[in-house]
Amino acid sequence: MTLPHIVLGAAIVLLATSLFSGSKRGFFLFIASILATYALQPALPIRGLDFWLPTMTLGLIAACWVVVTPQGQLRSWQAFQAAAWMLAIVVLLGLTRYLPMDAILTASIPPRVEQVGLLLVGLAGLVIVLAWLPKPNWKAVAGILVLLLALVALKSPEAGLSVARLLRSINGQGLETASAFDVRWIGFSYFAFRLIHTLKDGLDGRLPGVSLREYVTYVIFFPALAAGPIDRLERFLKDLRTEFVLAQVDWDFVFGRLTLGLLKKFVLADSLALMALNPQNAGQVQSAPWAWVLLYAYALQIYFDFSGYTDLALALGRLAGIQLPENFNQPYLKPNLTQFWNNWHMSLTQWFRAYVFNPLTRSLRGTKASVWLIILLTQLVTMTLIGLWHGITLNFVLWGMWHGLGLFVHNRWQDAFRAPISAWASTPLRQQALSLFGWWLTFHYVALGWVWFVLPTPGLALGFLARLFS
């Protein structure tokens with residue numbers, strides 16, 4: 001999301017809240033979110049892909065909605081109306097190819113209209129078949145598997161390269177310059193988790209009733225499309241269905257978060273990027289002090305960049321009457337690793353806690369495994385999956401395991417020494433010293449973990465760690 005996108009997004013949301021209320025406001029956010037899916041998608045080396053991917057996003061959303069919605073509600077007038085608007089927007093964007101100017105909303109000129117029509121017919125056919133088939137649980141399970149396989153294809157360099165070559169060959173483009181970065185699907189990591197959440201809750205019978213228009217708006221709500229947070233459907237619907245007018249806007253919150261987000265992202269993060277650790281400078285730095293400077297700069301850069309985007313999303317969401325969940329709460333100031341992860345990328349960790357950590361813990365408790373082994377396995381599995389969510393490469397696996405082991409050690413340490421430590425910290429001064437030491441230790445453990453995260457190979461990471469302590 002660039003600065004022009006942020007300015008345009010603020011203007012669109014302000015227009016929605018000032019001119020529309022009730023269902024009209026919801027309809028405006030529905031249209032704006034669809035258009036933003038195309039506008040935010042970057043240009044790609046494969047011809048037409050920046051148009052196909054947003055269109056596939058809409059197809060996936062429609063298919064998942066059909067799976068989680070009772071058959072009696074599929075044929076409602078509201079559903080046909082929302083589907084018609086979705087089709088009309090895609091067709092109209094495709095027709096901009098024939099205007100005597102550069103691409104208006106899409107990153108490049110859209111594909112030929114017959115190609116667009118063929119894709120729409122295929123997607124519509126898929127949705128109709130899913131609606132016609134009975135409603136056993138296998139459709140939701142299949143949907144989850146498809147989304148997970150797509151995540152694997154997009155996050156794995158080898159799979160991404162194979163997909164890029166396949167698409168280039170279909171397009172008649174040369175394979176020599178194919179790259180795993182040829183396929184960058186904007187927001188997929190975030191809206192896939194929203195879709196998986198609704199499919200899983202639909203399987204368990206815990207999903208609230210939702211119209212197609214509301215479902216589309218929830219999945220690709222444009223302030224949170226590119227960088228989260230990952231909201232829950234029931235909470236989002238509560239805000240979307242609540243009457244909201246411009247007079248209800250908390251301007252102190254909106255202006256404060258907008259200012260803070262712009263400062264974090266475009267001033268602090270972008271400035272720190274000039275000196276932050278990266279694969280290029282990791283092998284060039286020769287002294288330990290400068291190595292620590294690079295590491296500290298990266299630790300701050302990734303926080304300011306990510307939390308800055310979150311501040312902007314929260315501000316734009318609040319302007320539209322949607323109170324998106326907080327994603328960061330001063331994580332670097334926490335005195336232990338557990339509290340760090342309770343306050344870093346909170347919507348992601350809560351998602352993994354609800355759908356991975358807690359079910360896995362419950363299943364292992366039914367076995368004869370010891371408590372310490374259950375804690376070790378659940379922490380390692382959960383954190384390794386969080387690492388793989390960032391990318392299916394060895395460095396992200398090691399980063400996830402680094403934090404999984406750290407959380408296990410902290411849990412065992414706290415369980416064994418809670419009583420003597422509490423007895424020792426009997427005065428305010430000792431409590432403050434203990435908290436300060438815990439903060440220092442936690443921050444540096446997290447900072448050292450970023451070495452595994454940012455450097456792509458274990459050899460490069462180990463070499464840089466050795467330089468830190470040379």
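The values are calculated or read from the model by the stated rules, or taken from the named source; none is laboratory data. Computed from a prediction, not measured in an experiment: that's the story for all the values here. Please note: Cβ atoms are built from the backbone with ideal geometry, for glycine as well, and neighbour counts cover all protein chains shown.
Residue 244 meets all of the listed conditions (1) without any contact (Cβ under 8 Å) to a residue 40 or more places away in the chain; (2) under 16 Å from residue 223 (Cβ atoms); (3) not basic (Lys, Arg) but one, namely (1). Would you pick out the residues in region 419-446 that are over 30 Å from residue 297 (Cβ atoms), in contact with a Leu (Cβ under 9 Å, 6 or more places away or on another chain) and assigned to a helix (DSSP H, G or I)? If the condition is that a residue be over 30 Å from residue 297 (Cβ atoms), in contact with a Leu (Cβ under 9 Å, 6 or more places away or on another chain) and assigned to a helix (DSSP H, G or I), then 421, 424 are the ones that fit. Looking across region 73-117, the residues that are at pLDDT 90 or above, loosely packed, with under 13 Cβ neighbours inside 10 Å and either among the aromatic types (Phe, Trp, Tyr) or within 30 Å of residue 135 (Cα to Cα) (or both) come down to 80, 84, 88.
On the stretch given as region 160-180, residues that are without any contact (Cβ under 8 Å) to a residue 60 or more places away in the chain and either among the small types (Gly, Ala, Ser) or in a helix (DSSP H, G or I) (or both) total 12. For region 247-301, a residue qualifies if it is β-branched (Val, Ile, Thr) and in contact (Cβ under 8 Å) with a residue 40 or more places away in the chain, and the qualifying residues are 249, 254, 285. Within region 422-458, being exposed (fewer than 14 other Cβ atoms within 10 Å of the Cβ), touching a helix residue (DSSP H, G or I) at 6+ places or on another chain (Cβ under 7 Å) and hydrophobic (A, V, I, L, M, F, W, C) holds for one residue alone: 424. For residue 387, the conditions (1) touching a helix residue (DSSP H, G or I) at 6+ places or on another chain (Cβ under 9 Å); (2) not in a helix (DSSP H, G or I) all hold with the exception of (2). Of all the residues in region 315-332, those that are at pLDDT below 95, part of a helix (DSSP H, G or I) and not charged (D, E, K, R) number 4.
Scanning region 226-253 for residues that are at pLDDT below 90 and surrounded by 17 or more Cβ atoms within 10 Å (Cβ to Cβ) turns up 226, 227, 228, 244, 249.
Determine, yes or no, whether residue 70 is surrounded by fewer than 21 Cβ atoms within 10 Å (Cβ to Cβ) and within 20 Å of the chain's Cα centre (by Cα). Against the criterion (surrounded by fewer than 21 Cβ atoms within 10 Å (Cβ to Cβ) and within 20 Å of the chain's Cα centre (by Cα)), residue 70 does not qualify. All conditions in (1) in contact with a Gly (Cβ under 7 Å, 6 or more places away or on another chain); (2) more than 30 Å from residue 150 (Cβ to Cβ) hold for residue 399, with the sole exception of (2). Would you mind finding the one in 62, 103, 107, 84 that is more than 25 Å from residue 167 (Cα to Cα) and of a type outside the set (Asp, Glu)? When all the criteria are applied, what remains is 84. Where helices (runs of 4 or more DSSP H) fall wholly inside region 1-118, the ranges with 3 or more residues that are among the β-branched types (Val, Ile, Thr) and under 20 Å from residue 184 (Cα atoms) are 49-68.
Total residues in region 321-336 satisfying the condition of being buried (at least 23 other Cβ atoms within 10 Å of the Cβ) and in contact with a Ser or Thr (Cβ under 6 Å, 6 or more places away or on another chain): the figure is 1. Evaluating residue 216 against the criteria (1) modelled with pLDDT of 95 or more; (2) buried (at least 19 other Cβ atoms within 10 Å of the Cβ); (3) β-branched (Val, Ile, Thr); (4) within 22 Å of residue 390 (Cα to Cα) leaves one unmet condition, (4). Taking the criterion of being touching a Leu at 6+ places or on another chain (Cβ under 7 Å), of a type outside the set (Lys, Arg) and surrounded by 19 or more Cβ atoms within 10 Å (Cβ to Cβ), the residues of region 125-143 that qualify are 140, 143. The set of residues in region 48-93 that are among the aromatic types (Phe, Trp, Tyr) and either more than 22 Å from residue 197 (Cβ to Cβ) or not assigned by TED's automatic domain parsing to the domain that holds residue 145 (or both) comprises 51, 52, 77, 80, 85. Only one entry in 362, 412, 353 is out of contact with any helix residue (DSSP H, G or I) (no Cβ under 9 Å at 6 or more places or on another chain) and of a type in the set (D, E, K, R), namely 362.
You will find that of 466, 416, the residue that is closer than 26 Å to residue 292 by Cα and part of a helix (DSSP H, G or I) is 466 and no other. With the structure loaded, tell me whether residue 13 is in contact with a Pro (Cβ under 8 Å, 6 or more places away or on another chain) and either buried (at least 21 other Cβ atoms within 10 Å of the Cβ) or in the same structural domain as residue 95 (by TED's automatic domain parsing) (or both) or whether it fails that test. Answer is yes for this residue. Does residue 199 fit the bill of being assigned to a helix (DSSP H, G or I), in contact (Cβ under 8 Å) with a residue 40 or more places away in the chain and over 29 Å from residue 54 (Cα atoms)? No.
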